[in-house]
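Here the structure comes first, spelled out in structure tokens, and everything after it is commentary.
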Amino acid sequence: MRNVITIAGKELRTYFVTPVAYVIVAFWLAALGVFYWQAVPNGNQLTLVPVFNVLPILLLLIAPALTMRLLAEEQRAGTLELLLTSPVQDWAVVLGKFLGALGLFLSMSALTLFYPILMVLFGGDPDWGPIWAGYVGLILMGMAFMAVGLFASALTNNQMVSSVIAFVILLIFFIMGVVSQNFGPGMADLLSKLSISDRFYDFPRGVIEWKSVVYYLTFTGVALFLTVQVVEARRYRA
């Protein structure tokens, strides 16, 4: 685990020495700020459901940008081969990179706690149950998005190509719930269950279903497993 923590720390520090992270964080907070002020006018509506509902779309846009360099840049610079030929296991490399990206995402999520705190400061009494449930869903969904982005980054040495691949994969799972309406009951139910966004919307309403928790954890695990397979294939070619 020491190697995992070392790699994760390195990745997290790398984010903050480049302007990309600051641009993404600024966009994240600005976009959520706009929706917050529209959804909670003068503190009269003490719910963050409208704000949480826009999070899947924001993640669809920023997750590929957050993860595109994780392995793609290592491949472009030729440092991935050095890392793979060192006494570090492939799963440790993948998990460390993943935790580095997840660490930044958790920091971004923590900054949004300003919004419910602001409601309290202005005399509101929000229902904290759905808010905390919404954050649980946000973290789970964020893990799945980061894992897919890391997988896409392992497939190429071009950051932009990695970003596009991640966006396309996430978009497919994102719109499954929408396109399911065009199919029969059986297929529609299956596509809805596979949708990475549809399962999120119950969380901000205070509903935490174990099926949804297992879905996001499984989705993340499968994406990380596939990433390890890609990295292992590169080790054999190194």
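The values are calculated or read from the model by the stated rules, or taken from the named source; none is laboratory data. In this text the structure is predicted, and so the values were computed from the model without any measurement. Note that we place each Cβ from the backbone using ideal geometry, even for glycine, and neighbour counts take in every protein chain shown. Ligands, DNA and RNA are excluded from the accessible area calculation, which covers all protein heavy atoms including side chains. Shrake-Rupley method; radii C 1.70, N 1.55, O 1.52, S 1.80 Å.
Worth pointing out:
- Residue selected from the stretch 188-208 under the condition farther than 26 Å from Val51 by Cβ and either in contact with a helix residue (DSSP H, G or I) (Cβ under 7 Å, 6 or more places away or on another chain) or open to solvent by less than 20 Å² (accessible area, probe 1.4 Å) (or both), by the criterion modelled with the highest pLDDT: Leu191
- Boolean, Ala147 is in a helix (DSSP H, G or I) and surrounded by fewer than 22 Cβ atoms within 10 Å (Cβ to Cβ): no
- Within the stretch 86-139, considering residues that are in a helix (DSSP H, G or I) and charged (D, E, K, R), the one nearest to Leu59 (Cα to Cα): Lys97
- Cβ separations smaller than 7 Å between residues 6+ apart or across chains give the following pairs from the stretch 112-134 residues that are surrounded by 13 or more Cβ atoms within 10 Å (Cβ to Cβ) to residues that are basic (Lys, Arg) and modelled with pLDDT of 75 or more: Pro130/Arg205.
- Residue within the stretch 75-91 that is under 24 Å from Val168 (Cβ atoms), at pLDDT below 90 and among the aliphatic types (A, V, I, L, M) present: yes
- Screening Leu138, Leu106 for residues that are open to solvent by 10 Å² or more (accessible area, probe 1.4 Å), closer than 20 Å to Gly221 by Cα and either modelled with pLDDT of 85 or more or among the hydrophobic types (A, V, I, L, M, F, W, C) (or both) leaves exactly one candidate, Leu106.
- Selection of first residues in the stretch 10-21 that are open to solvent by less than 40 Å² (accessible area, probe 1.4 Å) and of second residues that are hydroxyl-bearing (Ser, Thr, Tyr), restricted to Cβ pairs under 8 Å at least 6 apart or on distinct chains, gives the following pairs, ordered by first then second residue: Ala21/Tyr15.
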